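**Student:** I have a structure I would like to understand better, so I am pasting it below and will then ask my questions one at a time.
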Amino acid sequence: EVFDVASIIERLKARPEDLFAGRGTTPTRITEAEEVLGVQFSEDYKKILLEFGVIAFDGHELTGITANPRISVVDTTKRLRSDNPDVSPDWYAIEEANIDGITVWQETSGTVYGIIPGNKPFKIANNLSDFLKL
């Protein structure tokens, strides 16, 4: 199946029992976050940010555009970059698993990576839909 970026919102909404979401953000706030971090967010992540701002879904608590520094993509990425020297400068943190120090990162193409402290990054999924098992 070819991944359709536009369908990620419908797939999330199709499982309301697994979705806890915010109110969404603006394109301007997304651009500002990208500029602060020096990255371009993937299209699927931007869709989630526009629609929800931040989400928790089926055991995953993704970062987003929010005033809460614990789940802010800007604050979390800045903090975790210093702890993870193998992170590419064009990656941004999408989740702190809070299990064995594992962090989850995404690059502009949409590919999702994991990092376990003391180890090299490893690929988890081709996109957010695969990562969230939608």
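**Student:** Kindly provide the helix-only [θ] at 222 nm of the chain, computed as the sum of -39,500 (n - 2.57) over DSSP H runs of four or more divided by all residues, to the nearest 500 deg cm²/dmol? Before the final figure, lay out each step's value.
**Tutor:** Details: 5 runs with 43 residues, N = 134.
So the calculated ellipticity at 222 nm is -9000 deg cm²/dmol.
**Student:** Just the accessible area per residue of the chain, please: how many Å² with a 1.4 Å probe?
**Tutor:** Here the residues of the chain average 52 Å² of exposed surface.
**Student:** In whole percent, and with a 1.4 Å probe on the protein chains, what portion of the accessible area of region 61-134 is carbon and sulfur?
**Tutor:** Solvent-exposed carbon and sulfur of region 61-134 make up 52 percent of the total.
**Student:** Just list whichever of LYS46/LYS123; LYS47/LYS120; LYS13/LYS78; LYS78/LYS120 have alpha carbons separated by over 25 Å in the model shown.
**Tutor:** Result: LYS47/LYS120; LYS13/LYS78 exceed 25 Å.
**Student:** For region 114-125, what does the Karplus curve 6.51 cos²θ - 1.76 cosθ + 1.60, with θ = phi - 60°, yield as ³J(HN,Hα) per residue in whole Hz, taken in order and with x for Gly and Pro?
**Tutor:** x, 9, 9, x, x, 10, 6, x, 10, 6, 9, 7
**Student:** Could you work out how much longer the chain between LEU50 and ILE116 gets when fully extended? Use 0.36 nm per residue separation minus the Cα distance between them, nm to one decimal.
**Tutor:** Full extension from LEU50 to ILE116 adds 20.8 nm.
The values are calculated or read from the model by the stated rules, or taken from the named source; none is laboratory data. This structure is a prediction, so every number in the text was calculated from the model and none was measured. We work out accessible area using only protein heavy atoms, side chains counted, and drop any ligands, DNA or RNA first. Shrake-Rupley method; radii C 1.70, N 1.55, O 1.52, S 1.80 Å.
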